[in-house]
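This report concerns only the one structure given below.
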Amino acid sequence: MRRHRLFSPEELEELFAKPDAAMLSIAREGVDSTALLAIDAGKRSAFYAIDEETRPKLAIIRLAMARKPGRVQINESITSGTLAPPAPFHGSGRYRAFPDGSSTWSGSLSVNFPGAPHFPLTGPSFETLLEVPF
């Protein structure tokens, strides 16, 4: 497992205060959940994935993070977006919203969690939210 330098408070403020684009995708099944957060702020991008599983007398929490520029592209009408983060993530995800209110989050996007390689981060069980500045 690699250790990463934490963001300084100034870096976190810049990243969250003025993002160019952000995407949050969450899947829940009972008390288990998987979440993916991508924030693109130009030269400073961050990608986080967390999976939480509950087993009798045991909680399993897996976390992956990348702080290198990747690709978070969202159209101005916030009806489609693509996400292609750097390692330890693999592949890409695509969000599409349709006029009838339905949406899809699909693609080959996965992450290498400790003990769970190529863990999928897309699919119909995910609810995905996009954000772009006005």
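Tabulated data for the structure shown
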{"read-out": "The stretch 69-77 - phi-based ³J(HN,Hα) in whole Hz, Karplus 6.51/-1.76/1.60, Gly and Pro as x", "value": "x, x, 10, 10, 10, 10, 6, 5, 7"}
{"read-out": "Length added when fully stretched, ASN112-GLU53, from 0.36 nm per residue minus Cα-Cα", "value": "19.6 nm"}
{"read-out": "Helix-only [θ]222 nm of the chain, DSSP H runs n ≥ 4, -39500 (n - 2.57) each, per residue, nearest 500", "value": "-2000 deg cm²/dmol"}
{"read-out": "Computed magnitude of the charge dipole of the chain (debye, nearest 20; Cβ of K, R +1, Cβ of D, E -1)", "value": "580 debye"}
{"read-out": "Under 5 Å, built H, 5+ apart or other chain: amide partners of PHE113", "value": "HIS118, PHE119"}
{"read-out": "Percentage relative contact order, the chain, counting C-alpha pairs under 8 Å, at least six apart", "value": "21 percent"}
{"read-out": "Projected area, mean over directions - the stretch 9-131, Cα convex hull, nm²", "value": "8.3 nm²"}
{"read-out": "Efficiency of FRET from Cβ geometry, PHE98 and ARG71, R₀ 30 Å, rounded to 0.05", "value": "0.85"}
{"read-out": "Charge sum, other residues only, whose C-beta stays under 13 Å from PHE119's C-beta, Lys/Arg counted +1 and Asp/Glu -1", "value": "-3"}
{"read-out": "Label-reachable residues, the stretch 45-73, where backbone N falls under 18 Å from a point 7 Å from SER125's Cα toward its Cβ", "value": "49-56, 59-64"}
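Readers should treat all values here as calculations from the given coordinates under stated rules, not as data from a laboratory. Just so it is clear, the model here is predicted, and its values are computed rather than measured. With ideal geometry, Cβ positions are generated from the backbone for all residues, glycine too; neighbour counts draw on all protein chains shown.
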